[in-house]
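Below is one structure, written out as structure tokens; comments come after it.
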Amino acid sequence: MPKFERHIFVCENARPDGHPRGCCASKGAEDLRLAMKAEISKRNLKGRVRANGAGCLNQCALGVTVVVYPEQVWYQAVTADDVTEIFDRHIEKGEVVERLRVDDDFLNTPEAMGKKV
């Protein structure tokens, strides 16, 4: 089987209600992953693009976090309403959706991780 052209990871980490760091599961992560999988089917990209749920991506303050490989582009606060744009631009054309992109300098900072500083 050939390698996937793109692999999409959607954080679906769940924490108890009221946890200070929050979690992506409570922000619609499962619905987002399912919307991505539906878009893959709709565009006949099965076998070329894969969307998987991921455990904690450790960017808790950024809403539902999505990472697209092989480019290693991190997106923040992604909703099901963003799926078409991500597929039109990034998955199909290789263009980063800048309005959703997490700046590389912000990734893995205490603020992005939802930790008190």
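No lab work stands behind these numbers, since they all come straight from the coordinates. Owing to the predicted nature of the structure, the values given are computational and were not obtained by experimental measurement. In this analysis, Cβ positions are derived from the backbone assuming ideal geometry, glycine residues included, and neighbour counts consider all displayed protein chains.
Numbers below:
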{"quantity": "Number of positions in region 43-60 that are outside any loop (DSSP other than H, G, I, E, B), hydrophobic (A, V, I, L, M, F, W, C) and within 13 Å of ILE91 (Cα to Cα)", "calculated": "2"}
{"quantity": "Unique match (being polar (S, T, N, Q) and touching a helix residue (DSSP H, G or I) at 6+ places or on another chain (Cβ under 6 Å)) among GLN76, GLN59", "calculated": "GLN76"}
{"quantity": "Top-ranked residue in region 85-110 [being touching a helix residue (DSSP H, G or I) at 6+ places or on another chain (Cβ under 7 Å) and β-branched (Val, Ile, Thr); ranked as surrounded by the most Cβ atoms within 10 Å (Cβ to Cβ)]", "calculated": "VAL102"}
{"quantity": "Pick from region 1-37, criterion charged (D, E, K, R) and out of contact with any Asp or Glu (no Cβ under 9 Å at 6 or more places or on another chain), ranking: farthest from GLY63 (Cα to Cα)", "calculated": "LYS3"}
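A quick yes/no check of all residues on (1) out of contact with any Cys (no Cβ under 9 Å at 6 or more places or on another chain); (2) free of Cβ contacts under 8 Å to residues at least 40 places away in the same chain:
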position: LYS46; (1), (2): yes, yes
position: LEU57; (1), (2): no, no
position: VAL73; (1), (2): yes, yes
position: PHE87; (1), (2): yes, no
